[in-house]
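Scroll down for the structure; my scribbles are underneath it.
The values are calculated or read from the model by the stated rules, or taken from the named source; none is laboratory data. The model shown is predicted, which means the values in this text are computed figures rather than measured ones. So basically every Cβ, Gly included, is an ideal-geometry build from the backbone, and we count neighbours across all protein chains shown. The accessibility values were calculated without ligands, DNA or RNA, using every heavy atom of the protein model including side chains. Shrake-Rupley method; radii C 1.70, N 1.55, O 1.52, S 1.80 Å.
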Amino acid sequence: MNPRSDFPILNKTINGETIVYFDNAATTQKPQIVIDAVSNFYTNSNANVHRGINPLAEEATKLYEDARATVAQFIGAASKEIIFTRGTTESINLVARAWGEASLQAGDIVVLSQAEHHANYVPWLQLKEKLGIKLAVIPVLASGELDLQAAKKLLAEPRVKLLTLSQASNVLGIINPIKELFAEARDLGIVTLLDAAQTVGHLPIDVLDLHCDFLVASAHKLYGPTGVGILFGRAELLAKMPPFLGGGGMIASVATDSFVAGPVPEKFEAGTPPIAEAIGMAAACDYIKQVSWTEIIKQEETLTEYATQKLVERPYIKLLGTALKRLPVFSLVINDLHAHDLADLLGQAGFITRAGHHCAQPLHDSLGVVASLRLSLSFYNTTEELDRFFSALDQVYQSFN
Amino acid sequence: MDLYAYQILDHYKRPRNYGVLTDADASSEQANLSCGDNIVMYLKLDDDKIAKLQFTGDGCAISKATASMLTEKLVGKKTTEVLAMDLESIRELLHIEISDRRSGCAMIGLSAVQKAIKNT
């Protein structure tokens, strides 16, 4: 298997060096098959969906609904439980607005973790301002793992209504024991939301197995296009929720003084949806199945092990979060060497990494770190790329000292 | 790999005029939250000219070195002159290419000085 040839951008050069793309947690690259799916739609089938009795609209609608079925099946859900959104952020906002505003009252508690992405903080902070709900934060241990004892204590509070967690932190890469925590939440009647943005391209996910009431993810971290993502919601929950955005496509009927919302999932898809992008997302799901989870996991485990070894060999590097059960995601801190300088200098040599707090300021604050350098790998990366990376890193480090 | 000019690394590692200026006429803090840079500039004026500049804070090499170099180069300059400075002036001062992605780092020190002038 050589998946690299599926991704045309991996041949790109910067300053004469072939790029080493280590920013997969920000967005993954796209295989030709996904690029072709989007391009083919515009070339051969473009029309608006669910509108107009014409054969082209019918063709586009079928492709769009087939995409929904493919994505649903990819996470073990039914088509009518999948809403296409602009991405993970919009999906969480949809839950906060449509479910949260209808179901939460002042004093109710939303439990989340210290390591959540801003996308899983801010919508709940907005509800805190608007409704007077409370946020309870599960601390992260020095190993990068969630403090499970603290989590269980927090969940036992009587007014907890929602547990919302990322399956893996986008900074630490450490995989959280979702099944265990969500099972406990379910037993206590707490609604569960899984932010699978970071994991959906790295691990097989089954919403039933993980006890998810809601799951959110983006296509662009799954080798698919930007601008589209999903909200999975259990059918009973979605049926009870009021609509989110209002407009065309989400209604059954509109009069000058009232409207009736349409059925799920259209109820939550106001306006022209990201049609080509949804089709691209389905192509990405098919691509992953074609490569196979076995191959993806095998290669990513090899890379994780190899990178860990390289990190351990370098005492000048501090790795944020050391637990072993992780994605190939590593955030580094180097004394007296700011992450921005590292990312910039490495970038000039073709290494694509990310510096900053990675939209996880509460986590960085708790670790006492202002910024880190993140490498996030994918199955198309290689141990040779890691060799090149660490030798470049050594060079930058030496030049600063 | 292109490394930063020696001068920048030197100012980064041995920042000049670093520390709180206790008899400052004005000060100003500039922060770039996305990268964690944070620079406080302390300003002392002599009529319409800059008499003394000191700074505290932390940041990347570009932001810290720029702040340090400014505390040397701007002394004696008229405040109106300093207020008219921009990214181009910083480029000339540093003698390096500043890419768009680093322009925020390069400007934080100057913004702090300019804000301090406005605070007097």
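A few remarks follow.
- Shape call, region A:181-254: gyration tensor on alpha carbons, a/c limit 1.5: oblate
- Relative contact order, percent, region B:6-119 [alpha-carbon distance under 8 Å, six or more residues apart]: 32
- Linear extension gain, A:L203 paired with A:A78, 0.36 nm per residue minus alpha-carbon span: 43.1 nm
- Residues in region B:6-119 average 46 Å² of solvent-accessible surface per residue, probe 1.4 Å, ligands and nucleic acids excluded.
- Shielding by other protein chains, A:340-350, mean Cβ within 10 Å: 5
- Distant alpha-carbon pairs in the protein assembly as shown (separation over 30 angstrom), percent: 56
- Summarised as an ellipsoid, region A:71-118 has semi-axes of 24, 15, 11 Å, derived from the eigenvalues of the Cα gyration tensor scaled by 5 and square-rooted, with the largest first.
- Averaged over its residues, chain A has an accessible area of 40 Å² per residue, based on protein heavy atoms and a 1.4 Å probe.
- The contact between chain A and chain B removes approximately 1600 Å² from the accessible area (both sides summed; 1.4 Å probe; ligands, DNA and RNA excluded).
- Carbon + sulfur, % of accessible area of the protein assembly as shown - ligands and nucleic acids excluded, 1.4 Å: 51
- Radius of gyration and Dmax over the Cα atoms of region A:1-97, both given in Å: 17.6, 53
- If R0 equals 35 Å, the separation of the Cβ atoms of B:D48 and A:N335 corresponds to a calculated FRET efficiency of about 0.25.
- R0 of 30 Å, Cβ-Cβ distance A:I297-A:S391: FRET efficiency to nearest 0.05: 0.65
- Partner lysines whose Cα lies under 22 Å from the Cα of B:K44, excluding those fewer than 8 positions away in the same chain, are identified as B:K52, B:K64, B:K73, B:K77, B:K78, B:K115, B:K118.
- Here is the list for region A:243-330: GluC sites (Glu not before Pro) lying in DSSP coil, each with at most 14 other C-beta atoms within 10 angstrom of its C-beta, are A:E313.
- Computed over chain A: relative contact order in percent, which uses C-alpha pairs under 8 Å that are six or more apart: 23
- The stretch between A:E58 and A:S39, if pulled fully straight at 0.36 nm per residue, gains 5.0 nm over its current Cα-Cα span.
- DSSP-assigned coil residues among chymotrypsin sites (Phe, Trp or Tyr not before Pro) in region A:313-401, each with at most 16 further Cβ atoms within 10 Å: A:Y316
- Rounded to the nearest 0.05, the FRET efficiency derived from the C-beta distance between B:R91 and A:A142 at R0 = 45 Å is 0.55.
- If you bin all the Cα-Cα distances of region A:34-289 at 5 Å, starting from zero, the percentages per bin are 1, 6, 13, 17, 19, 16, 12, 8, 5, 2, 1, 0.
- Region A:58-153, relative contact order in percent, only Cα pairs under 8 angstrom and at least six apart counted: 21
- The value obtained for region B:6-119, namely the Cα convex hull volume divided by the number of residues, is 88 Å³ per residue.
- Fraction of beta bridges assigned by DSSP in the protein assembly as shown that are antiparallel (%, nearest 5): 70
- Under the combined filter of DSSP loop state and at most 16 neighbouring Cβ atoms within 10 Å, region A:310-401 retains these trypsin sites (Lys or Arg not before Pro): A:K325.
- Close Lys-Lys pairs in region A:34-289, where close means Cα under 18 Å and separation is 8 or more or interchain: 16
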